[in-house]
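Following: one structure in structure tokens, then a few remarks.
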Amino acid sequence: MGKGKLNKRIAIIGGGPSALFMYKRLVESKRKDLQIDIFERKDYLGAGMPYSTEGANNEHITNVSDNEIPVIFNSIAEWVKTAPKPLLKKFDIDPQKFNEYKVLPRLFFGEYLIAQFELLRSFATKKGIITKVHLNTVVEDVIDHPRKKEVVVKLQEGGWFEFDSLIICTGHNWPKKYEVKIEGYFDSPYPPQKMLLKLNHPVGLMGSSLTAIDAVRTLAKANGKFINAKDGKLSYELNKDSEGFKLIMHSRNGLLPAIRFHLEDPHLGKGETLLKTEIQEHIKANDGFVSLDFLFEQNFKARFIKEDPGFYKKIKDLTLEEFVANMMASREKKEPFELFKQEYIEAEKSIRKKKSVYWKEALAILSFTMNYPAKYLSAEDMERLQKVLMPLISIVIAFVPQSSCRILFALHDAGILEIIEVGDDSEVKPIKKGGANYHYYNSQNKKVVRHFETFVDCVGQPHLSIKDFPFKSLVKKGKISQARLAFKSAEVGQETKQGGNKQVRIVEGKYFLNVPGSTINDYFQVVDKKGNSNDRVYLMAVPYMGGYNPDYSGLDFCEAASTIVTQQILV
């Protein structure tokens, strides 16, 4: 369309879950004068990386169930009634016995998301909204033209399009750093087909998160088989040509993640304690900063006054550091798999009685509600958040599904799986001849260097810097800027810089801490180097905004962020 257009032209780059929610918000708005172009490098929309073969095999499952998923066009329980019969047969799903409280195969869930995009497109067409889908299309660059009030999408194959607004929803990205250069070294376990390796030696895994469990499932499948006994117990048997195969997880705290339990609020964070107006009032009274202690008191502790008075009595006088230390100490005193078994029993009881493990749910809500105010934290508090609180949060809110737990138990019982605590000072060194050496201190404080012929980095989606940002014109012209937080105390900033922290910068005499990714405002608009927000370009690509959104994963985030962006675009 030319300059005489009647429609508002909107581009969505990427076609995964973030784009799906963004599209849903736009087509369900009251506006009919929209032209929406969606650019996707693959040949389908909806599934994205986690729910397609780029992120899952048949053995991989979601860690959420239908009742915990925000409704897109219709629920999974409704959709399975009309889903293709070959698909239902492939994943052994009976529409008449569908349980909305059970997790699903990730690839099946991906098919649901693909179908949701198609249902929304049909709805948009009936409404009179124009949708143009560009599949198998790589966007080479994004060029902003403020005078024209337009943003241009330039394609790798040639050609370009002009838009009034653009949302970047490019999803997960695992850059290959060593994988292409070093045999036996994997920068991530994705796509998981590459983990179908028949091996006769131990495999080193960095991390014990859901990403590590993905790797464990696939590697175990390639080197043996799981056997279901009549009593329901699962066991594991190695293949004869994989007798030397083992899986060694390495964790900085030596712990496995927490197990999925019943949630009273399945859509975490919708009933958060603090309103944005209250947070803004606090910022004004606190020299322009949000206090992490304020968030901890109001968005976490205060919940227990009504919900769990007994627990509130135990924690009401604890500082953030004291609370985390208590919670971690109670976990670290126990052998990892013994703790895992105890939490499995606790989680099973929670699900059976439909009663939450409330302190864990509250911690998950705190993490989710941290996204809005995180950009207003001081540098000092961001470092506390990352070093003190997030290690606990990352363990507690993983929500490992029960079937994954049974697999881990079976592998551990068979002597195939173990977990080693390596500490913050551990280091992985890739070896040119192949694999990697893991350097760490053991429980006797003795230095250990262990070589692995096969090594997999399983720490999850890395936070990426502006240098990795895919649309270089926005970077070169200063249209996006490095995310950073001010130090509340210049003295602390100076000490941190002198202590060797290379992320500390001095700008106009003030100390700042660079945090991962680019600067965005409260509406997910990118912010340029001069501090100006861009009302044409919005960023919902999770790897590039981790500094201002510490808990950005999951469909709940997609739902919340897309609502904010749509309200701003359609003002």
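Values as computed for the structure displayed
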quantity	calculated
Loop GluC sites (Glu not before Pro), the range 464-571, which have at most 12 other Cβ atoms in a 10 Å radius of their Cβ (DSSP)	Glu508
Karplus 3J(HN,Hα) series, Hz, for the range 521-536 with 6.51 cos²θ - 1.76 cosθ + 1.60 (x for Gly, Pro)	8, 5, 9, 6, 7, 5, 10, 7, 5, 8, x, 8, 6, 10, 7, 10
Using θ = phi - 60° and Karplus 6.51 cos²θ - 1.76 cosθ + 1.60, couplings along the range 125-131 (whole Hz; Gly, Pro as x)	4, 4, 7, x, 7, 8, 10
Members of Lys375/Lys502; Lys198/Lys233; Lys333/Lys488 lying beyond 30 Å, as alpha-carbon distances in this model show	Lys333/Lys488
Long-range amide H partners of Ile259 with built H, under 5 Å	Val400
Between the range 60-92 and the range 279-324, the alpha-carbon center distance in angstrom	38 Å
Structure-derived percent of Cα pairs over 43 Å apart: which label, when the choices are [x] 15; [y] 20; [z] 39	[y]
Amide H contacts under 5 Å for Val515, placed H, 5+ residues apart	Ala483, Arg484, Leu485
Whole-number percent relative contact order across the chain, with pairs defined as alpha carbons under 8 Å at least 6 apart	19 percent
Convex hull of Cα atoms in the range 212-269, direction-averaged projection (nm²)	6.9 nm²
Rh by Kirkwood over Cα pairs, then Stokes-Einstein D for the range 403-516 at 1.306 mPa s and 10 °C, µm²/s	85 µm²/s
Per-residue Cβ neighbour rank within 10 angstrom, fewest leading, Trp79, Trp174	Trp79, Trp174
Relative contact order (percent, whole number), the range 388-465, Cα cutoff 8 Å, 6+ residue spacing	16 percent
Amide H within-cut-off set for Val448, under 5 Å, with H built and near neighbours excluded	Tyr440, Tyr441, Asn442
Candidate lysines for bridging to Lys148, where Cα separation is under 19 Å - those fewer than 8 sequence places away on the same chain excluded	Lys3, Lys5, Lys8, Lys477, Lys479
Inter-probe distance in nm under a simple model that places probes 7 Å from Cα toward Cβ, at Glu278 and Glu508	3.3 nm
Cα→Cβ-extended label distance, 7 Å offset, between Glu264 and Asp33, nm	4.7 nm
Expected 222 nm ellipticity per residue - DSSP helices of 4 or more, -39500 (n - 2.57), all of the chain, to 500	-9500 deg cm²/dmol
Magnitude of the charge dipole, the chain, Cβ model with Lys/Arg +1 and Asp/Glu -1, debye to 20	1180 debye
Subset of Lys132/Lys177; Lys472/Lys529; Lys313/Lys341; Lys301/Lys510 violating a 26 Å alpha-carbon distance limit	Lys132/Lys177; Lys313/Lys341; Lys301/Lys510
Candidate aspartates and glutamates - alpha carbon under 20 Å from Lys447, same-chain residues fewer than 8 apart omitted	Glu418, Glu421, Asp424, Asp425, Glu427
In order through the range 566-571: 3J(HN,Hα) via Karplus (6.51 cos²θ - 1.76 cosθ + 1.60), integer Hz, x for Gly, Pro	4, 4, 6, 5, 9, 4
Trypsin sites (Lys or Arg not before Pro) lying in DSSP loop within the range 435-511, provided at most 15 other Cβ fall within 10 Å	Lys446, Lys477, Lys502
Gyration tensor (Cα) of the range 352-391, equivalent ellipsoid semi-axes in angstrom	27, 11, 5
Simple label model, 7 Å out from Cα along Cβ direction - Ala325 to Lys476, nm	5.3 nm
Radius of gyration and Dmax over the Cα atoms of the range 1-89, both given in Å	16.2, 52
Given charges at beta-carbon only (K, R positive; D, E negative), |dipole| of the range 273-369 in Debye	600 debye
Neighbour-count ranking [beta-carbon atoms within 10 angstrom, fewest first] of Lys530, Lys154	Lys530, Lys154
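Bear in mind these aren't lab numbers, they're just calculated from the coordinates by the rules spelled out. For clarity, every value in this text was computed on a predicted model and none was experimentally measured. For neighbour counting, all protein chains shown are included, and Cβ atoms are generated from backbone atoms with ideal geometry for every residue, glycine included.
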